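The structure appears right after this line, and notes come after that.
The values are calculated or read from the model by the stated rules, or taken from the named source; none is laboratory data. Here the structure is a predicted model, which means the values were calculated and not measured. We place every Cβ from the backbone using ideal geometry, glycine too, and count neighbours over all the protein chains shown. Areas reflect the complete protein model, heavy atoms only, side chains present, ligands, DNA and RNA absent. Shrake-Rupley method; radii C 1.70, N 1.55, O 1.52, S 1.80 Å.
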Amino acid sequence: MLKTVALVAQQGSFAAAARVENVDPSSISRAVAAAEARLGFRLFQRTTRTLRMTEEGETYLRRIEPLLDELDAAREIASRSLRTVSGTLKMTASVAFAHECIVPHLREFHDRHPDLSVELIPTDAQLDITANGIDLAIRLASRPTGDLISTRILATRYRICAAPDYLARHPEITSPRDLQDHACLRFALPEFRTRWRFRKPGEQAFDVPVSGHIIIANALSLRRAALDGNGPVMLADWLVDRDITAGRLVDLFPDHECTATEFDTGAWALYPSRSFLPRKVGSMISFLRDMLRQETPDDPIRGV
């Protein structure tokens, strides 16, 4: 409405302002009349042939013109933010996933989005996203449930592996049940401590009891312990596949799927439930999917 008033003053007539806006002159007239009714004084003196601003209108226009310029600038900045990603993305992930799957790609992410800062919080604690002002959390789990929006960015397969040095010094391991005779390295979560699950494609799953004298609450430290020859360990493929390829670890059961919880697990991107996905969050999710090159569901689901 205020921009219409300024346009009429600039163009000198309702008809000329209507041509600029590509609207009917009557809509310009109604907008000016509504502005005058709200302000309580006339902005223009009208005759059948002329239109000129009143003294009150000229005073008013001088005061609002700088504000209109500021509004145009604000709209341009907001529009630019829709085309480029800027601000700060606060995100969290487990220590191991952050170390292996996020930090190595941060430079390329910055190259793609130079105006966006990333505040990464590596922690194995389940931080409250809302209370900590977190935009994006990466959680390792089976399909989540709950009140947050989640989408899988990486399918995970677990490996049972051990260092060649350990295998050379201990009884041969030819089947998952042989693990009962070995001191396994175990993750410090209840479901990982006492039994590991196995299955072959098309066959029924079975459990193998496990035990051992080393229990560690961090996947990176578990990997280090396995590399040092302390025993068999169950870790995610994204953490140990390079070691297996390089011969530092041996995949003991490549023909089996294994897990401590559910077989269908992965890395999930979680963000607060809202009516839209912020571009900075969507940019990171798309980037991680691209970098990790994994098949992911097309549609987000609700999760925790």
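Spot the failing condition for ALA217; the list is (1) of a type in the set (A, V, I, L, M, F, W, C); (2) closer than 19 Å to HIS170 by Cβ; (3) open to solvent by 50 Å² or more (accessible area, probe 1.4 Å), and only one is missed.
Of the numbered conditions (1) of a type in the set (A, V, I, L, M, F, W, C); (2) closer than 19 Å to HIS170 by Cβ; (3) open to solvent by 50 Å² or more (accessible area, probe 1.4 Å), the odd one out for ALA217 is (2).
Mind listing just one residue for me: the one in the range 261-298 that is touching a helix residue (DSSP H, G or I) at 6+ places or on another chain (Cβ under 6 Å) and modelled with pLDDT of 85 or more and, of those, farthest from ARG195 (Cα to Cα)?
Going through the qualifying residues, I end up with PHE287.
Listed here are the residues, each with its yes/no results for (1) surrounded by 13 or more Cβ atoms within 10 Å (Cβ to Cβ); (2) within 45 Å of the chain's Cα centre (by Cα); (3) within 19 Å of GLU65 (Cα to Cα).
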residue: GLN10; (1), (2), (3): no, no, yes
residue: ALA17; (1), (2), (3): yes, no, yes
residue: PRO25; (1), (2), (3): yes, no, no
residue: GLU36; (1), (2), (3): yes, no, yes
residue: LEU39; (1), (2), (3): yes, no, yes
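How many residues are more than 14 Å from ARG197 (Cα to Cα) and assigned to a strand (DSSP E or B) when one looks only at the range 245-260?
So the count comes out to 2.
Give the residues of the range 59-107 that are β-branched (Val, Ile, Thr), under 24 Å from the mean Cα position of the chain (by Cα) and modelled with pLDDT under 85, sorted by residue number.
ILE77, THR84, VAL85
I'd like the full set of residues that are open to solvent by 40 Å² or more (accessible area, probe 1.4 Å) and over 30 Å from the mean Cα position of the chain (by Cα), limited to the range 222-244.
Scanning the range 222-244 gives ASP228, ASN230.
Can you find, within the range 144-170, the residue that is farthest from the chain's Cα centre (by Cα) among those that are farther than 19 Å from ARG248 by Cα and open to solvent by less than 30 Å² (accessible area, probe 1.4 Å)?
Step by step, filter the range 144-170, then rank; the result is THR156.
How many residues, within the range 171-208, are part of a helix (DSSP H, G or I) and open to solvent by less than 40 Å² (accessible area, probe 1.4 Å)?
4
Within the range 122-143, track down each residue that is touching a residue at least 60 places away in the same chain (Cβ under 8 Å) and either open to solvent by 50 Å² or more (accessible area, probe 1.4 Å) or more than 15 Å from the chain's Cα centre (by Cα) (or both).
The answer is ASP124, THR130, LEU140, ALA141, SER142, ARG143.
Could you grab me the full set of residues in the range 86-121 that are open to solvent by 70 Å² or more (accessible area, probe 1.4 Å) and assigned to a helix (DSSP H, G or I)?
Once the filter is applied, which keeps residues that are open to solvent by 70 Å² or more (accessible area, probe 1.4 Å) and assigned to a helix (DSSP H, G or I), the range 86-121 yields HIS99, VAL103, PRO104, ARG107, GLU108, HIS110, ASP111, ARG112.
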